[in-house]
Structures are given as structure tokens and as C-alpha cells.
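Q: The structure follows.
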């Protein structure tokens, strides 16, 4: 299947942290021959893929299945739902957004009309704890027929291709899932392990368990990372840019990546003629934070697609970044497994 | 049969930003011409559907609050300014459509991240910092986008529960739907005569279209239909009405007190749910203008309670639209 079509399908699946079943099933249904799957107690999916040769070093490629979302905490007597964010959702991405509940129903996160609040309040985003989910129920009793506290929701957002870019929800990290799924279809030169993790957005929880089980020598974490390449933002504040290829990080808030590995990746990209860039800010974090501290330590590298408006209903990536990222991942996996 | 859901779906998706309401004419013509009305757009962009003398005016504004393109950046971002009272708190990551003379483009509302603006994550961007990501950059920039082109929230119509829907621009698609349903009810009763339906332009830009419309039509009496505030957390009880409680009958110095009272009595007589919306001064609707333009006339205001006004997730209860249309049709038939 075409990669873009797979990204679209994965983006439209609902898999908030702790509730990743739909994404896992999607991947499980597309395992090729020669792949052996195991689902661990947390819901991580671990796939070993036989290659043409036995690997000298065990290489784990991983991407997380979960997305940011909301969990219903309380039903008000007026039928509105209180919620807590699952994962780090910036206040600007909540108010006035549509969501899809676990049962398929639609809800909206309302905002008191700006006409009715003081001038000063119009300049601030409401905090999540002051917001409500409205599912069109007029009483708690009516709402209880459709939702229970503990039910989850995710952003409801169409998948749109525009001007060479893609907009959708959960591209963080369904794009990573789609890239690994694509790699998995090809028989690799050396054996590889593919891991699809749960609960990244709520503290890299799945990756900790999975990395212990897999016990790799090397890990390649396939992610999306914040691009601030907007009009009016200059220099290093742009962090990374769409259309300039995969992002190889030297450091973020959770991991200091081994210099030798970082340099090796940059050199490899240059040798192979693959466009690549680094992050010009020490910001964000990903499953590497858990993986690189696993057992006695794992040599870990994050390879990310630059993505605008991360953790919002409208993540935006560039189509032309996909193939270079795949090429770099293949090249790195092969070299590391070769030992 | 009148399909209210389909009517709302189409109205909310009509690209009628304030000042560029041209798309309203063909759509309204296809509805009103078969009913026997003379339908035309006036020089201001108001669409008028007139039956007979048109001495009673029914008004609902057809324009939508949006933004106007002020410039384009070579990196593929549009700069834009609000037209009317845009709420910058709900723009981030919203799906937008850019309407140009030739075609439409998709855009994502963006803004420079707060930490780069030297602000906290809770500070909404000032309007001048708004950006719209159209995905194109450098040499692939679309040549068709020009300053003056308009941005609206991308149509997104969903049912929340039986009888409750959400969409951008229920303000004032809900009011326009009331007028269409009223015309339908009156035509069924054979009482569609001497009425002027005005779908006015540029209400959101400052109640600008209503006065030229009244100058031309010279109605003796007017009923204005708009949306108002439904009860929701953070909004004061006296400013709002519960959704499902029927039309909000306006009482204000700008409105004719006897006409408002007559509407209330009629609603009681017909057993239609209703509430009163009391406003100390102006109503903030076209009624303020229509009541005093071209010599003035007795004017009433019926409002439909919606939540989250001026956001992409306005919500309305369909029964409120239906009951407003019933009351209005009864009022016309009774000759209030």
C-alpha cells in the first residue's frame, strides 16, 4: 500500500495514551511473512523480522502508537463533561476544537463567547480545568447513557493534503508507525526488531517496559519533532524546517544522544546523498529518554520528521520528507546491525 | 417537506464572508423563486426575496465573521486581519478555507509560538500576529491569492446528539434557516403575501447592510432573527437562555414594546416554548438599525440561543429553530 494512504488511515485511527488497541490491531493485520509478533502486558507490540543474515548487533526500531487526547473525569448535572488532557496539550489547542469520543460520538470543547467576558480575559487561553466537553446532552442522566468517567476522546480532524504538505491529527507518531510498517514489509539484510509502544505521551511509559524486554544493542526512535519554521521566526528559533529531510537530534530535554552515533548518522546521510538536518534547540523529548537508560544503557538515536503544530488537531508535515527519512533509517539500521 | 438539517448544512458552508456575500444569491434564488418571490441582490449585497408589497420585513444576516488577507509571505504564510469580532483564542490549529476570485485553498491557522513572542502559553496572540499556513512556499506559491481575499473556518458540520448540531457559522445560519422555514410554513398555509425577506450583508462588520435594505424596501414593520447567547459555564444567567427553551423574545428600548409583548402572548396562546431576552440599550443586532432607518418602524427581535458564539464549534438545538419559525409564521399570519 502507498505510504501516504497508510499515514492517512493511521492518522484517522483513535488511540489516546492507554487505549492504543485500534492502532495495534491495524499494524498486526499488516504483518508480513517472516515477522513474529508479541504483545506485552502493557500493550506494546514487539515484532522480530528475520533478515537475509543474522545481525551482529541487535537493532530496535521504535515508534509510539498513542496520541494526545482527553480522559473524561466527571459529568456535570447540566450534561457537560469535565476532562483532563492525556499528554501535553497546549492551552491554545483545546478551546473551540472538535473531539471524537471512544464510542464514536462527536463532542466539542466550547469557549464562553468573547462578547461576554472582560477585554483582559479575551487575551488568554482558558486552562484545561476550566473547559468542558459538550456532547449535546442536557443532563447528567442523558450523558450517562453515552459516556462514563474514564472514557477517552481524541481530536476530530480531517486528513488534508495541501501544497505538498499533509495536515492531520496524531501524525505524532502515526507517521513513525507508518514508516516502520513500510520498512517491515521489505526483507532486511540483517534481522531487525520493530517496536510499537504505548503511553509515550504520558511519560514514555511503554518504551521503558519494551526496551527491557527487547534488550537491544542499538535503538532508533522514529518520531516527529517540533518545527517552528513560521514566517517571522528566524535562525535557531526555527528549530528545524519542513522539506529539509529527517531531523537527527544531538540532545533534547530527555536524552543526550551519543556523539559517535549522531556523527555517524550525519556522515551516512551525506555519503548517501540524503538530506538531513539537526534540531537547533534543546527542546522536547521522546521515547529515547526511557530507552537509552534501559538495562545497562542502550546506544540510542532519534530520527524525526519535522512537524508543525505538534499535539494539536492540525499537525503538518511535508510529503517530501518521508522518503529521505525512510532511506536514512534503512541505511542506519543496516550499518548498526552489521556491527 | 423542509429538511432543516440539510438546510443548515448548506447555509453554514456557503462562502459568504462579510462584504463578499455573492454566493448567497443563487442559493436563495433556488429556494425563493419557486415560491413566487422576486429575488435579487441589491447594490450592497443584501439578498431580497419580495412577495407582493413587501410591507413586512423579515431580516436575518447572511454574512459570516472571518478574516481578510493582508499579505503573503514567501514561506507560504498569509497575514490576515479580522473582519468583525473574531475570537483569537479559538484560531490556533483551526482548519480554514481561503476564498479567492478563482478557487479555494486549505489553510491552517497558526501563530508564532508564545515563548517566541515573549509570552506564556496562556497568552493568545494579538490579531496582528496571526498567520495562516497554506502549505505552499517559494516558487510554488499560488499566484491566485491576493490581498483582500477572505478566510473563513472550513465547513465542519456534525451532530452531537439527537437534535443538537455543531458547526461554524450557526451565527447566523440558524437565523437564515428560521426565515426559510417561516416561508415554508406560510406557503403551506397560503399566507405568503406582502412580505420582504432580507438576507442582509455586513452585519458582522458593524450592522452595515440593513440600512440600505430598509431604504429600498420601506417596510412598515420588521422582525429580525439572529442568534444570541445560550447558557454555558462562564456566561451569566441573565445574559443567556437554556438551549431548547425556544425563541428568545427581545425586549429593549430599540424594539417595539407592544410588538414584543404581542409575540409573548402569541407564544403562550400557541403553547410554544419561549424566553425573554432583556437588553438595557441596543440589541447589538440589525434590529438597532432597522428600527430607525428611513423614518423608522416598529421592530421585534427573535433570537436563537447558541453556545460558543464566534467559534468554529457553535452549537444549536434544532427545536429552537423550529419553534422560532413557528412563532414567526403565526405572528405573520395573525398580522401582528
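Q: For residue A:41, indicate whether it is in contact with a helix residue (DSSP H, G or I) (Cβ under 8 Å, 6 or more places away or on another chain) and either within 20 Å of residue A:200 (Cα to Cα) or free of Cβ contacts under 8 Å to residues at least 12 places away in the same chain (or both). Can you show your working first?
A: Numbers: in contact with a helix residue (DSSP H, G or I) (Cβ under 8 Å, 6 or more places away or on another chain): yes; either within 20 Å of residue A:200 (Cα to Cα) or free of Cβ contacts under 8 Å to residues at least 12 places away in the same chain (or both): yes.
Considered against the rule, which asks whether it is in contact with a helix residue (DSSP H, G or I) (Cβ under 8 Å, 6 or more places away or on another chain) and either within 20 Å of residue A:200 (Cα to Cα) or free of Cβ contacts under 8 Å to residues at least 12 places away in the same chain (or both), residue A:41 comes out as yes.
Q: Being crowded, with 17+ Cβ neighbours inside 10 Å and closer than 30 Å to residue A:126 by Cβ is true for just one of A:71, A:46, A:27. Which residue is that? Please lay out each step first, then the result.
A: On the way: A:46 fails: closer than 30 Å to residue A:126 by Cβ; A:27 fails: closer than 30 Å to residue A:126 by Cβ.
Exactly one of A:71, A:46, A:27 is crowded, with 17+ Cβ neighbours inside 10 Å and closer than 30 Å to residue A:126 by Cβ, namely A:71.
Q: Pick from A:312, A:320: which is touching a residue at least 24 places away in the same chain (Cβ under 8 Å), assigned to a loop (DSSP other than H, G, I, E, B) and in the same structural domain as residue A:228 (by TED's automatic domain parsing)? Quick ask: steps written out before the conclusion?
A: Values: A:320 fails: assigned to a loop (DSSP other than H, G, I, E, B).
Checking each option against the conditions leaves just A:312.
Q: Could you check, for segment A:212-220, whether at least one of its residues is modelled with pLDDT of 95 or more, under 16 Å from residue A:200 (Cα atoms) and either in a loop (DSSP other than H, G, I, E, B) or in contact with a strand residue (DSSP E or B) (Cβ under 9 Å, 6 or more places away or on another chain) (or both)?
A: Initial filter on segment A:212-220 (modelled with pLDDT of 95 or more): A:212-220.
With under 16 Å from residue A:200 (Cα atoms) added as a condition, the list becomes A:212, A:219-220.
So of that shortlist, the ones also either in a loop (DSSP other than H, G, I, E, B) or in contact with a strand residue (DSSP E or B) (Cβ under 9 Å, 6 or more places away or on another chain) (or both) come out as A:219-220.
There is at least one residue in segment A:212-220 that is modelled with pLDDT of 95 or more, under 16 Å from residue A:200 (Cα atoms) and either in a loop (DSSP other than H, G, I, E, B) or in contact with a strand residue (DSSP E or B) (Cβ under 9 Å, 6 or more places away or on another chain) (or both).
Q: Answer yes or no: is there a residue in segment A:194-201 that is closer than 17 Å to residue A:277 by Cα, within 17 Å of the chain's Cα centre (by Cα) and in a strand (DSSP E or B). Talk me through it step by step, then tell me what you get.
A: Going residue by residue through segment A:194-201, those that are closer than 17 Å to residue A:277 by Cα are none.
The answer is no, given that none of the residues of segment A:194-201 is closer than 17 Å to residue A:277 by Cα, within 17 Å of the chain's Cα centre (by Cα) and in a strand (DSSP E or B).
Q: Next question, about the same structure. Do you know which of the residues in segment A:133-152 that are within 13 Å of chain B (Cβ to nearest Cβ) and assigned to a strand (DSSP E or B) is surrounded by the most Cβ atoms within 10 Å (Cβ to Cβ)?
A: A:134
Q: Please verify whether segment B:18-37 includes one or more residues that are touching a helix residue (DSSP H, G or I) at 6+ places or on another chain (Cβ under 8 Å) and modelled with pLDDT under 95.
A: No: zero hits.
Q: Separate question: Kindly indicate the residue of segment B:77-86 that is modelled with pLDDT of 90 or more and either assigned to a helix (DSSP H, G or I) or at the interface with another protein chain (Cβ under 8 Å from one of its Cβ atoms) (or both) and also farthest from the chain's Cα centre (by Cα) among those meeting that condition.
A: Residues of segment B:77-86 that are modelled with pLDDT of 90 or more, as a first pass: B:77-83.
Those still in the list that are either assigned to a helix (DSSP H, G or I) or at the interface with another protein chain (Cβ under 8 Å from one of its Cβ atoms) (or both) too: B:77, B:79.
On the way: B:77: 28, B:79: 25 Å.
Taking the candidates together, the pick is B:77.
Q: Considering only segment B:21-66, how many residues are without any contact (Cβ under 8 Å) to a residue 40 or more places away in the chain and assigned to a strand (DSSP E or B)? If you could, list the steps in order and put the result at the bottom.
A: We begin by selecting, within segment B:21-66, every residue without any contact (Cβ under 8 Å) to a residue 40 or more places away in the chain; these are B:22-23, B:25-27, B:29-30, B:33-34, B:38-41.
Going one step further and asking which of them are assigned to a strand (DSSP E or B), we end up with B:38-41.
Here the count works out to 4.
Q: Of B:332, B:249, B:321, which residue is closer than 30 Å to residue B:89 by Cβ and either away from every other protein chain (no Cβ under 14 Å) or outside any loop (DSSP other than H, G, I, E, B) (or both)?
A: Sole residue among the options that is closer than 30 Å to residue B:89 by Cβ and either away from every other protein chain (no Cβ under 14 Å) or outside any loop (DSSP other than H, G, I, E, B) (or both): B:321.
Q: Consider residue B:92 carefully, then state whether it is touching a helix residue (DSSP H, G or I) at 6+ places or on another chain (Cβ under 6 Å) and part of a loop (DSSP other than H, G, I, E, B).
A: On the way: touching a helix residue (DSSP H, G or I) at 6+ places or on another chain (Cβ under 6 Å): yes; part of a loop (DSSP other than H, G, I, E, B): yes.
Judged against the criteria, residue B:92 is a match.
Q: Restricting to segment B:298-318, count the residues that are away from chain A (no Cβ under 14 Å) and either farther than 23 Å from residue B:18 by Cα or assigned to a helix (DSSP H, G or I) (or both).
A: 3
Q: Out of A:21, A:34, I need the residue that is surrounded by fewer than 17 Cβ atoms within 10 Å (Cβ to Cβ), in the same structural domain as residue A:200 (by TED's automatic domain parsing) and at positive phi. Which one?
A: A:34
Q: Exactly one of these conditions fails for residue A:233: (1) at pLDDT below 95; (2) not in a loop (DSSP other than H, G, I, E, B). Give me its number.
A: (2)
Q: Considering segment B:101-130 alone, what residues qualify as being outside any loop (DSSP other than H, G, I, E, B), under 15 Å from residue A:92 (Cβ atoms), modelled with pLDDT of 85 or more and at the interface with chain A (Cβ under 7 Å from one of its Cβ atoms)?
A: B:108, B:110, B:123, listed by residue number.
Q: Which of the numbered conditions does residue B:166 fail, given that it passes all the others? Conditions: (1) within 11 Å of chain A (Cβ to nearest Cβ); (2) in a helix (DSSP H, G or I); (3) touching a strand residue (DSSP E or B) at 6+ places or on another chain (Cβ under 6 Å).
A: (2)
Q: Determine which single condition residue A:214 fails, assuming it passes every other condition in (1) more than 14 Å from every other protein chain (Cβ to nearest Cβ); (2) touching a helix residue (DSSP H, G or I) at 6+ places or on another chain (Cβ under 8 Å); (3) touching a residue at least 60 places away in the same chain (Cβ under 8 Å).
A: The failed condition is (2).
Q: Are any residues in segment B:284-317 touching a strand residue (DSSP E or B) at 6+ places or on another chain (Cβ under 7 Å) and surrounded by fewer than 23 Cβ atoms within 10 Å (Cβ to Cβ), and if so, which ones?
A: Within segment B:284-317, B:297, B:298 qualify.
Q: Next up: Among the listed residues B:156, B:173, identify the single one that is part of a loop (DSSP other than H, G, I, E, B), touching a strand residue (DSSP E or B) at 6+ places or on another chain (Cβ under 9 Å) and either assigned by TED's automatic domain parsing to the domain that holds residue B:11 or within 28 Å of residue A:317 (Cβ to Cβ) (or both). Explain how you work it out, then say what you get.
A: Working: B:173 fails: part of a loop (DSSP other than H, G, I, E, B).
Within the list B:156, B:173, the selection yields B:156.
Q: Please go through segment A:81-114 and give me each residue that is over 18 Å from residue B:316 (Cα atoms) and facing chain B (nearest Cβ under 7 Å), ordered by number. Before you say what the answer is, go through the steps one by one.
A: Here is the first cut: in segment A:81-114, the ones over 18 Å from residue B:316 (Cα atoms) are A:82-94, A:100-104.
Selection gives A:90, A:91, A:92, A:93.
Q: On the basis of being crowded, with 21+ Cβ neighbours inside 10 Å and more than 27 Å from the chain's Cα centre (by Cα), does residue A:121 make the cut? Reasoning before the result, please.
A: On the way: crowded, with 21+ Cβ neighbours inside 10 Å: no; more than 27 Å from the chain's Cα centre (by Cα): yes.
The answer is no for residue A:121.
Yes or no, residue by residue, for (1) crowded, with 20+ Cβ neighbours inside 10 Å; (2) in contact (Cβ under 8 Å) with a residue 60 or more places away in the chain; (3) touching a helix residue (DSSP H, G or I) at 6+ places or on another chain (Cβ under 8 Å); (4) outside the structural domain of residue B:291 (by TED's automatic domain parsing):
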site: B:196; (1), (2), (3), (4): yes, yes, yes, no
site: B:200; (1), (2), (3), (4): yes, yes, yes, no
site: B:206; (1), (2), (3), (4): no, yes, no, no
site: B:211; (1), (2), (3), (4): no, yes, yes, no
site: B:218; (1), (2), (3), (4): no, yes, yes, no
site: B:221; (1), (2), (3), (4): no, yes, yes, no
site: B:225; (1), (2), (3), (4): yes, yes, yes, no
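Q: Same structure again: Got at least one residue in segment B:275-282 being under 20 Å from the mean Cα position of the chain (by Cα) and surrounded by fewer than 16 Cβ atoms within 10 Å (Cβ to Cβ)? If you could, list the steps in order and put the result at the bottom.
A: Start the filter on segment B:275-282 by keeping residues that are under 20 Å from the mean Cα position of the chain (by Cα), which leaves B:277, B:279, B:282.
Still in the list and also surrounded by fewer than 16 Cβ atoms within 10 Å (Cβ to Cβ): B:282.
So far as segment B:275-282 goes, yes, one or more of its residues are under 20 Å from the mean Cα position of the chain (by Cα) and surrounded by fewer than 16 Cβ atoms within 10 Å (Cβ to Cβ).
Q: Considering segment B:284-297 alone, what residues qualify as being in contact (Cβ under 8 Å) with a residue 40 or more places away in the chain and either within 14 Å of another protein chain (Cβ to nearest Cβ) or assigned to a strand (DSSP E or B) (or both)?
A: Result: B:285, single match.
Q: Of the residues in segment A:9-26, how many are more than 27 Å from residue A:83 (Cα to Cα) and under 15 Å from the mean Cα position of the chain (by Cα)?
A: Summing the residues that are more than 27 Å from residue A:83 (Cα to Cα) and under 15 Å from the mean Cα position of the chain (by Cα) in segment A:9-26 gives 0.
Q: Also, quick follow-up: With assigned by TED's automatic domain parsing to the domain that holds residue A:334 and within 20 Å of residue A:201 (Cα to Cα) as the only criterion, which of A:229, A:252 stands out?
A: A:252
Q: Another one. Any residue that is more than 30 Å from residue A:79 (Cα to Cα) and surrounded by 24 or more Cβ atoms within 10 Å (Cβ to Cβ) - is there at least one of those in segment B:242-254?
A: We begin by selecting, within segment B:242-254, every residue more than 30 Å from residue A:79 (Cα to Cα); these are B:252-254.
Still in the list and also surrounded by 24 or more Cβ atoms within 10 Å (Cβ to Cβ): none.
Checking segment B:242-254: not a single residue is more than 30 Å from residue A:79 (Cα to Cα) and surrounded by 24 or more Cβ atoms within 10 Å (Cβ to Cβ).
The values are calculated or read from the model by the stated rules, or taken from the named source; none is laboratory data. Being a predicted model, the structure only gives us computed values, none of them experimental. FYI the Cβ positions are ideal-geometry reconstructions off the backbone, even for glycines, and counts take in every protein chain you see.
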